[in-house]
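Engineer: Before anything else, here's the structure in question.
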Amino acid sequence: MFLVVRDQDIKSGIATDKYFIWTERILREKKVNPFVVAEFTASRWGIFSGLSDVLKLMEGIDVDIYAMPEGTLFFPHEPVMIVAGRYLDFARFETAMLGFVCHSSGVSTKAFRAKLAAGNRKVLSFGTRRQHPALAAMIERAAWIAGVDGVSNFAAEKYLGIESLGTMPHALIISFRDQVEAWKAYHEVVDENVPRTMLVDTYCDEKTEAIRAVENVERVDAVRLDTPGSRRGDIRKIIQEIRWELKIRGKEDVKIVLSGGVDIEDIFNLRDVVDAFGVGTSIAGAGPIDFSMDIVEKEGEFCAKRGKRSGMKQVYRDWKTLEDDVRLFRDEEPEGREPLLKKYMESGKMIAETDMNKSREIALKQMEVIRITGREEEFIFDRI
Ligand code: PCP
């Protein structure tokens, strides 16, 4: 019904670049089909994700796949994934494999930066509405892996098994015409375990509405300010004012949620006054990581195009510093470091599973090391 390439067409390999169709034909006709090792690298750092879809795509195809677990921080030129097999068996899948990891890793990397920028404050993924709805589960999964505290798309419950969350739209307030009526109705109807986060910027000044909310509704857990960009005032001052008014009314426990055009800099600059950030476009609309797939060995011999390093490689990490040592796969392991690339597929059979919650733990652990080693701002502001 919708203009989406179907699963079976991706799986059969028609969602590919035309030049692979010609390449297959030429190689077949000339009976050339070398055993190759191809690696996926980018010239920037990021958080790797999208592997689970690559494995589903390649299942049943006679290749071996090694990869960093999703959620792993990678640095420029490090292989995040390696595919080994007869070239003709996987040539046409380069486009889809790259699409899966480039897009997902782009979202994960931006979400990781947002979460790092927020310090101990929360980041919520609010942005699936900025992308094609067919991608909602992929986007929420990529953001979740990178450590966001919650996702808003309801489909995440069905597709990912994680609870979705949210507050209320302006449409609810406008439907009632009166904020207080809408807030009260929300409190009455919505499940008890859902935080009462009242949207306080529909008709009046945010401060005025926040006061009306706590003075008129039985339970208010948080207030949400959704239009910081369109206010002429200084949003920091507005938030501080709201905090003061809540405090003198004995409501200092009421949290403040900020959403609407929130980007990395806003999160970093306002994390001392905001409790949670609802982030849409900045995360969901993140640009892709420009991974490329390059052949680095052919029939057991080193080879690579110019600008790329030949040879199948392993990445060894020092988890205390996040420093990596890249060596040939066949070379000796350095001491005290963990090899990051693990074997996930052997001759088309999955031999290891991906797990988005374990991946999230990996991402959060790296965030902690970045904080401890004082490198926060390097990553937040993308200065690696
Ligand atoms: C949406 C929602 C989120 C916004 C988008 C996040 O606002 O309330 O806070 O997306 P962004 O980071 O790309 O701005 P609206 O579209 O104004 O919808 P509503 O008023 O119904 O909340």
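Engineer: Just one of Gly311, Gly260 is within 15 Å of the ligand (Cβ to nearest atom) and surrounded by 15 or more Cβ atoms within 10 Å (Cβ to Cβ); which is it?
Structural biologist: From the options Gly311, Gly260, the qualifying one is Gly260.
Engineer: Another one. For the stretch 171-205: of the residues being closer than 21 Å to Leu124 by Cα and among the charged types (D, E, K, R), which is nearest to the ligand (Cβ to nearest atom)?
Structural biologist: Asp201
Engineer: When you look at Val101, is it among the hydrophobic types (A, V, I, L, M, F, W, C) and either more than 20 Å from the chain's Cα centre (by Cα) or outside any helix (DSSP H, G or I) (or both), yes or no?
Structural biologist: no
Engineer: When you check Asp221 against the structure, is it more than 16 Å from the ligand (Cβ to nearest atom), modelled with pLDDT under 95 and under 24 Å from Gly280 (Cβ atoms), yes or no?
Structural biologist: No: the conditions fail for Asp221.
Engineer: Which of the residues that make up the stretch 296-330 are among the acidic types (Asp, Glu) and out of contact with any strand residue (DSSP E or B) (no Cβ under 8 Å at 6 or more places or on another chain)?
Structural biologist: Correct list: Glu301 only.
Engineer: Related question: Collect the residues in the stretch 268-287 that are within 11 Å of the ligand (Cβ to nearest atom) and not in a strand (DSSP E or B), keeping them in residue-number order.
Structural biologist: Gly280, Thr281, Ser282, Ile283, Ala284, Gly285
Engineer: Has the stretch 242-255 got at least one residue that is within 13 Å of the ligand (Cβ to nearest atom), surrounded by 14 or more Cβ atoms within 10 Å (Cβ to Cβ) and touching a residue at least 12 places away in the same chain (Cβ under 8 Å)?
Structural biologist: As a first pass, look at the stretch 242-255 and keep what is within 13 Å of the ligand (Cβ to nearest atom): none.
No.
Engineer: I've got another one for you. When Ile235 is evaluated against the numbered criteria (1) among the aliphatic types (A, V, I, L, M); (2) modelled with pLDDT of 95 or more; (3) within 16 Å of the ligand (Cβ to nearest atom), which criterion, by number, is the only one it fails?
Structural biologist: (2) is the only condition that Ile235 fails.
Engineer: Residues that are not assigned by TED's automatic domain parsing to the domain that holds Ile267: find the helices (runs of 4 or more DSSP H) completely inside the stretch 154-251 holding 1 or more of those. Break it down into steps so the answer makes sense when it comes.
Structural biologist: Values: elements: 155-160, 170-176, 179-189, 206-216, 235-248.
The qualifying helices (runs of 4 or more DSSP H) are 155-160.
Engineer: Then there is this: Name the residues in the stretch 338-360 that are touching a residue at least 40 places away in the same chain (Cβ under 8 Å), part of a helix (DSSP H, G or I) and loosely packed, with under 15 Cβ neighbours inside 10 Å, would you?
Structural biologist: If the condition is that a residue be touching a residue at least 40 places away in the same chain (Cβ under 8 Å), part of a helix (DSSP H, G or I) and loosely packed, with under 15 Cβ neighbours inside 10 Å, then Lys358 is the only one that fits.
Engineer: For the stretch 107-145, how many residues are outside any loop (DSSP other than H, G, I, E, B), of a type in the set (Gly, Ala, Ser) and surrounded by 24 or more Cβ atoms within 10 Å (Cβ to Cβ)?
Structural biologist: Result for the stretch 107-145: 8.
Engineer: Looking at the stretch 34-51, which of its residues are crowded, with 18+ Cβ neighbours inside 10 Å and not in a loop (DSSP other than H, G, I, E, B)?
Structural biologist: Of everything in the stretch 34-51, those that are crowded, with 18+ Cβ neighbours inside 10 Å and not in a loop (DSSP other than H, G, I, E, B) turn out to be Val36, Val37, Ala38, Glu39, Phe40, Thr41, Gly46, Ile47, Leu51.
Engineer: If you don't mind, there's one more thing I want to ask. Which is within 18 Å of the chain's Cα centre (by Cα), buried (at least 23 other Cβ atoms within 10 Å of the Cβ) and closer than 21 Å to Asp7 by Cα, of Val80, Val54?
Structural biologist: Val54
Engineer: So, one more: Collect the residues in the stretch 127-160 that are hydrophobic (A, V, I, L, M, F, W, C), more than 16 Å from the ligand (Cβ to nearest atom) and more than 20 Å from Ala276 (Cβ to Cβ), keeping them in residue-number order.
Structural biologist: Result: Ala134, Ala137, Met138, Ala155, Leu160.
The values are calculated or read from the model by the stated rules, or taken from the named source; none is laboratory data. Predicted model only: the values in this text are computed from it and were never measured. Note that we place each Cβ from the backbone using ideal geometry, even for glycine, and neighbour counts take in every protein chain shown.
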